[in-house]
Amino acid sequence: MLDFSLSEDQRQILDTVRRVRKDVIEPNAMRWLDGTFPYENMEKLAEVGILGMTVPVEYGGMGASVLDTVLVLEEISKGCYVTAMAVLGEVGVQCRIIATYAPEELKQKWLPAIAEGKFILAICMTEPNVGTDLGDMTTNASVENDRVVINGTKTLISRVDESDVYIVFTRVNAVPGSKGIGCVLVERKTPGISTTGTFHTMGGELLAELQFDNVEVPLENLVLHENSLRTLMNAFNTQRCLNPSICLGLAESSFEHSVRYLRDRNAFGHPIGDFQGLRWKGADMLIQIEAARGLLYRAAASADPFPDPTLAAMAKVFVNEMAIEVCSQAVQIHGGYGFLDEFAVSRNFRGARFGALGGGTTETLRNLVGRHIVERMDIESGISGLGFY
């Protein structure tokens, strides 16, 4: 007998997060649409330990699993997309790279502060002319004796002004192609870093472009060297579960608001939920949400310590596209009200649209899944019921 129920610890964490979501996050979601960072929400979540949930226990965190993190982000995003994305920066791949690959001195320096909610992280990957194809990255880190010198440009970066440390994906020593990609940790106040552009997203976040001009950091900050792209992408599979967890929460929020509207809104003398066409919309929304949940939770549960790359890719594609469809249908159900900022379904729809763009586009991930099918599936045995070939 399979058991799909949550553990008691998971239920307690979610109950705590749900109270914060309903009492603090949800009532103030409109405040963050102009790009203001939701410090108040982050402080409250830090008080209950959420910002340190992926920090190892020995450094003051919870040491939570990928599935635990998925559950928490799903709950937070039901109240506010901007806050969920801010939390993702603390509990996502940034923290896991430090906890897994940084030298002990930096772990001792930074991880306890992350656990206390006093240290904010940002990941710098995208470049003006490089998105999915990381092997074409032009930012370069040169090792010079006991220092690393970084030059290049990163763009579409979240939390540029708020972060204490940037986790920078970069070429190392000008080694060409994917073999040359590594990762360096750079404190925000290091000389030579400048903001060369800012952008406001349709979801409400502010993003920015960063220029690195002869930025020097200690050699120990180069946590992954040449030929490390596969290692980095294994870690990044965590993000391919956490990104869709936010989309899942947005879809759930839109569904719940739609059910209330179907019950409360009247037309032609009846609640609009009495009409079969709208009931079918609600049914389809719930079916898609539950199918997406099963795929995402399975991918997250595969983590050891990072999720299976193909399961994570399948989950991200399905959940991203499900959320766009469900949130769009919620706007339709609400009619003209669904187009207003004041209605959560409008904000959810705009936030959900980001999912299929960040953390690997759905087109790229379909290629990954397709390659897995062609190269690894045993034609004789095919797909077993609960296995994964």
Practice prompt. Scan the range 303-329 residue by residue and report those that are of a type in the set (Ser, Thr, Tyr) and free of Cβ contacts under 8 Å to residues at least 40 places away in the same chain.
Written response: Ser328
Item to complete: Please verify whether the range 193-201 includes one or more residues that are at pLDDT 95 or above and either touching a helix residue (DSSP H, G or I) at 6+ places or on another chain (Cβ under 6 Å) or surrounded by 16 or more Cβ atoms within 10 Å (Cβ to Cβ) (or both).
Response: yes
Worksheet entry | Near pairs, Cβ below 9 angstrom, 6+ apart or cross-chain, from the range 24-38 (in contact (Cβ under 8 Å) with a residue 24 or more places away in the chain and outside the structural domain of Thr198 (by TED's automatic domain parsing)) to any residue that is of a type in the set (Phe, Trp, Tyr) and assigned to a helix (DSSP H, G or I) | Ala29/Tyr81; Trp32/Tyr81; Pro38/Trp32
Practice prompt. Pairs only if they're at least six apart or on different chains, beta carbon under 7 angstrom, first in the range 330-351 and assigned by TED's automatic domain parsing to the domain that holds Cys247, second of a type in the set (A, V, I, L, M) and not in a helix (DSSP H, G or I); list them, first residue then second.
Written response: Asp341/Leu33; Ser346/Leu340; Arg350/Met202
Fill in: Close pairs from the range 226-255: first closer than 20 Å to Ala29 by Cβ, partner among the basic types (Lys, Arg) and surrounded by fewer than 24 Cβ atoms within 10 Å (Cβ to Cβ), Cβ under 9 Å, at least 6 apart
Leu248/Arg293; Glu252/Arg293
Item to complete: Please enumerate the residues belonging to the range 209-227 that are farther than 14 Å from Arg147 by Cα and surrounded by 21 or more Cβ atoms within 10 Å (Cβ to Cβ).
Response: Leu210, Phe212, Leu224
Practice prompt. Could you give me the residue pairs with C-beta distances under 8 Å whose first residue belongs to the range 364-379 and is over 20 Å from Leu134 (Cα atoms), whose second residue is loosely packed, with under 14 Cβ neighbours inside 10 Å wherever it lies, and which are 6+ apart or on separate chains?
Written response: Arg376/Tyr389; Met377/Ile383; Met377/Tyr389; Asp378/Tyr389
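The values are calculated or read from the model by the stated rules, or taken from the named source; none is laboratory data. Quick caveat, the model's predicted, so the values are computed rather than measured. We place every Cβ from the backbone using ideal geometry, glycine too, and count neighbours over all the protein chains shown.
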